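Worksheet for the structure shown next.
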Amino acid sequence: MPHLDASSPLIRKPDLVAAAMDGETVMMSIERGEYFGLGGVGSRVWELLDQPTTLAQLTQVICTEYEVDAATCRGDLQKFLADLLDNGLVAPA
Amino acid sequence: MPSPTTVAAPVAGQGVADGRSACSPASRVSATAWAPELIADRLHAAVQSGALLKDEQGLHQLPPAGTGASPWLSVTVPQGPSVHCRFLMDFLFEQAYAKSAVPWGCRACYKVAVAPHTLAQLMALRRLQERGTGVTAKCGIEVDREITQNLYSGFYYCDGLEQARSVYRKVRDAVDADPALGPEVPMRIKRGCTEYEIHCGPSDRWAFDPAQAEVEASLKTQFKPPPPSTQPALKAKLSTLGRWLQTAFRIGDDSYLQFTGGRRLYPAPVSYDPVPPQEMADSSQLAPGPAHR
């Protein structure tokens, strides 16, 4: 898992086309020729990553909008962002 | 394998003797569709060819479904008519009956079919289906199916023509009232699967023999239903939505741009004028008139 610094901002890769469909987010990476999908909270995180955003900022917003404690939220987001990085969907801003 | 003579022989008590036929006008042949010895031969051949699997207990199984994204998204209603299409279509019709008879289990299956023209209309229909009509429904892409001219379709599974007519009225009203759909979206009631009409003739002429019911009940005890998908439901849904998006792009349905914020899935290739600009300018000076295009 790539190391994520809580204060380093991430942003969506510019070549990704994202579609909001049926309450989910479907993304296509031209670079990889693959589809990715995000559901639920993932779609909201994706929205926030439209601008350079740090793990700490994301944790703050998601904790406000969803019923989750900060430690769990941060851990889940860390895994989720690492997955996005692994799949080339986001990059350091 | 049975000889052609055996296939054509009438089978007493299984539909021929009393003049009832299965789905084909060639009743002598089609009535044998559910003759147990022929079914046994067909199932054996299907296992040999790999079209069916047989487990250690002698139960037949369908090979695992492909790993690709399903073209369909469904809304299942527990109290709705049971839809055992993999048993009825993939096992009974395709293998046991070798496409020569419509399963007894499908005799009351009527569907309300909606044919959206665009992805935007398909998504609107999906919203309607999620709102519910009391019956199981599905919608998705059909453009890859060889046996239909529809690009997209939605279906509502009904138990009998009367229920189908009632569901049709409700769905027609909802479709007409939806600004993304409207009265121009075609709808109809059909019976069973399209494959049945291709192989067994028009559905208003199908006839069924109660003898089939026993045969099918017995075959059901020899059939092991496919295991539920191990893919998480959300992942499967996202794969399907991705396939819909990709298909819309591929067939030139630009309504997909409504969902991508106007961004194309792939950049449009640059096009070049077949006539060099200088040559065009010279030509228009010599002979004024329409540009060379």
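The values are calculated or read from the model by the stated rules, or taken from the named source; none is laboratory data. Owing to the predicted nature of the structure, the values given are computational and were not obtained by experimental measurement. Cβ placement follows ideal geometry from the backbone for every residue including glycine, while neighbour counts extend to all protein chains displayed. Areas reflect the complete protein model, heavy atoms only, side chains present, ligands, DNA and RNA absent. Shrake-Rupley method; radii C 1.70, N 1.55, O 1.52, S 1.80 Å.
Miscellaneous remarks
- A simple rule links phi to the HN-Hα coupling: the Karplus curve 6.51 cos²θ - 1.76 cosθ + 1.60 with θ = phi - 60°, which for region B:168-185 gives 4, 4, 5, 5, 4, 4, 5, 5, 4, 7, 7, x, 7, 10, x, x, 7, 6 Hz, with x for Gly and Pro.
- In a simple Cβ point-charge model (Lys, Arg +1; Asp, Glu -1; nothing else charged), the protein assembly as shown has a dipole of about 800 debye relative to its Cα centre.
- Shielding value for A:14-24 is 6, the average number of Cβ atoms from other chains within 10 Å of each residue's Cβ.
- Proximal charge balance of A:P14 [Cβ under 15 Å; K/R count +1, D/E count -1]: +2
- Probing with 1.4 Å while keeping every protein chain in the model, the per residue accessible area of chain A equals 50 Å².
- Magnitude of the charge dipole for region B:151-266, about its Cα centre and with charges confined to Cβ atoms of Lys, Arg (+1) and Asp, Glu (-1), is about 540 debye.
- Heavy-atom accessible surface that B and A bury in contact, both chains counted, 1.4 Å, Å² to 100: 1500
- Cα convex hull volume per residue for region B:179-293 (Å³): 312
- When only the Cβ of Lys, Arg, Asp and Glu is charged (+1, +1, -1, -1), the dipole of region B:25-237 relative to its Cα centre reaches about 460 debye.
- Per-residue average of Cβ from other chains inside 10 Å of B:234-245: 6
- Fraction of accessible area attributable to carbon and sulfur, region A:10-92 (%, probe 1.4 Å): 51
- Per-residue mean of C-beta atoms belonging to partner chains within 10 Å, peptide B:263-272: 2
- Above-threshold pairs, the threshold being 29 Å between Cα atoms, out of A:K13/B:K235; B:K99/B:K190; B:K54/B:K190; A:K79/B:K235; B:K111/B:K237: B:K54/B:K190
- Of B:G132, B:G68, B:S100, farthest towards positive along the dipole that unit charges on Lys, Arg, Asp, Glu beta carbons give region B:25-237: B:G132
- Only one residue of B:L234, B:F259, B:Q222 has its Cα farthest out toward the positive end of the dipole of region B:194-293, where Lys and Arg carry +1 and Asp and Glu -1 on Cβ, and that residue is B:L234.
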